[in-house]
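Let me begin by presenting the structure, written as structure tokens, before commenting on it.
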Amino acid sequence: MTTGGHRVFSGMRPSGRLHVGNYVGALQNWVAMQDEFECIYCAVDVHALTDMQGEDTREIRPNVREMVLDWLAAGIDPDRSLVFAQSQVPEVMVLHTLLSMVTPLGWLMRVPTFKDKVRQMQETEESVSYGLVGYPVLMTADIILYKADTVPVGEDQLPHLELAREIARRFNHLYGPTFPEPQARLTEVPLVVGLDGAHKMSKSLDNHIELAASPEETTARIATAFTDPERLRRSDPGRPWVCNVYSLHKLFNPGRLDEVYQGCTSAQLGCVEDKRLLADGVNENLAAFRERRSEFESRPGYVEDALREGARRAQAIARETLAEVQERLGLASVAL
Ligand code: TRP
């Protein structure tokens with residue numbers, strides 16, 4: 001591992017195969033950070049349990065595998081970085097319990113993401129699980145178990161990071177300096193609009209382009225994309241500045257931007273052909289990724305071995321931190 005003095009931790013919920021929006025946002029940033037810092041990347045499968053239960057949870061295991069395959073294919077290097085699944089280092093759940101003793105309930109109830117989630121799940125603050133309320137405590141445990149000080153996240157996670165700092169500060173104040181206060185490192189994410197042209201690209205809205213899709217699937221999907229709604233006839237000039245297909249050209253066809261812009265605004269390039277050009281750009285850009293992914297997928301045990309080794313190395317750090325925490329808290333030890 002290389003280290004520029006900082007230790008990076010980040011987590012992603014196992015939602016299965018990732019899409020282009022996850023790639024240009026979080027994942028490429030994770031890959032780049034490996035050159036500068038010691039990085040720990042975690043598939044947070046226990047967090048996935050906060051909003052699913054029953055049979056649905058059987059999706060978690062295959063989803064972890066698919067997501068981690070995407071990570072590795074994107075260039076997350078399991079020899080340089082620590083890559084593991086959260087549940088495989090159960091020490092995090094012990095730290096979660098201990099941190100929960102220094103976290104006022106009011107702090108958790110006030111987190112805006114908690115209120116949003118309750119609404120979104122059509123529940124009440126009384127009916128949701130104890131685990132959902134504690135989501136930010138588990139997230140804090142993830143980070144500080146490894147004494148990570150730098151956390152690459154999107155803006156939506158800032159309230160959680162704020163809480164992580166407060167919990168770490170409170171623990172340090174009560175029991176002596178133990179944890180660094182983790183800082184968010186905001187990921188510069190160009191907003192990737194979905195194929196519906198109306199919302200951020202997301203799997204749940206089914207407006208996404210999967211990284212692992214075949215070139216044919218990608219082309220077929222892009223063919224369904226919405227474009228400038230005011231361009232009704234082929235002969236109407238288009239407005240690339242309002243068009244989501246054009247915004248995807250910026251990411252995947254930087255070499256052809258002028259050509260596309262001129263063609264669209266002069267009505268020489270129709271939307272059908274424009275979308276073919278985009279599909280070609282996406283497919284060219286992802287060709288190397290897709291080749292690596294299918295190679296890793298066909299190597300028996302490749303993902304499993306990476307996760308096992310990651311968990312083993314993560315656990316060694318986790319056990320040290322936990323022993324220190326138990327000592328500071330005055331908990332029992334085998335050497336009473
Ligand atoms: N809450 C994060 C999300 O939904 C995922 C996450 C869990 C995380 N633990 C973390 C992110 C620790 C950064 C650090 O995206």
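What to note about this one:
- Pairwise label distance in nanometres, Glu259 with Ser202, each label 7 Å out on the Cα-Cβ vector: 3.5 nm
- Overall, segment 1-103 carries a charge dipole of about 40 debye about its Cα centre when +1 sits on the Cβ of Lys and Arg and -1 on the Cβ of Asp and Glu, all other atoms neutral.
- Accessible area per residue for segment 58-179 is 45 Å², calculated with a 1.4 Å probe on protein heavy atoms, without ligands, DNA or RNA.
- For segment 1-144, the residue among Ser127, Met139, Gln28 whose Cα projects farthest onto the positive side of the dipole built from Cβ charges is Ser127.
- Relative compactness, the chain, computed as alpha-carbon Rg over 2.2 N^0.38 Å: 1.12
- Positive-end ranking of His6, Leu105, Cys39 along the dipole of the chain, with charges on Cβ about the Cα centre, is headed by Leu105.
- Between the amide H of Gly194 and those of His199, Lys200, Met201, distances stay under 5 Å, these residues lying 5 or more places away or on another chain, with hydrogens modeled in the peptide plane.
- Cβ charges +1 (Lys, Arg) and -1 (Asp, Glu), total dipole of segment 162-273, debye: 300 debye
- Accessible-area composition of segment 29-98, carbon plus sulfur, in percent [1.4 Å probe]: 46 percent
- Computed over neighbours whose Cβ is under 12 Å from that of Pro136, the net charge equals 0, Lys and Arg +1, Asp and Glu -1.
- With eigenvalues of the C-alpha gyration tensor scaled by 5 and rooted, segment 1-154, Å: 27, 19, 14
- Table column - 3J(HN,Hα) (Hz), segment 237-253, Karplus curve with 6.51, -1.76, 1.60, x for Gly and Pro: x, x, 10, x, 5, 10, 9, 5, 5, 5, 5, 6, 4, 4, 7, 10, 9
- Against the chain, whose longest principal axis is taken from its Cα atoms, helix 91-100 shows a tilt of about 70°.
The values are calculated or read from the model by the stated rules, or taken from the named source; none is laboratory data. The model shown is predicted, which means the values in this text are computed figures rather than measured ones. Glycine also receives a Cβ, built like all others from the backbone with ideal geometry; neighbour counts cover every protein chain displayed. We work out accessible area using only protein heavy atoms, side chains counted, and drop any ligands, DNA or RNA first. Shrake-Rupley method; radii C 1.70, N 1.55, O 1.52, S 1.80 Å.
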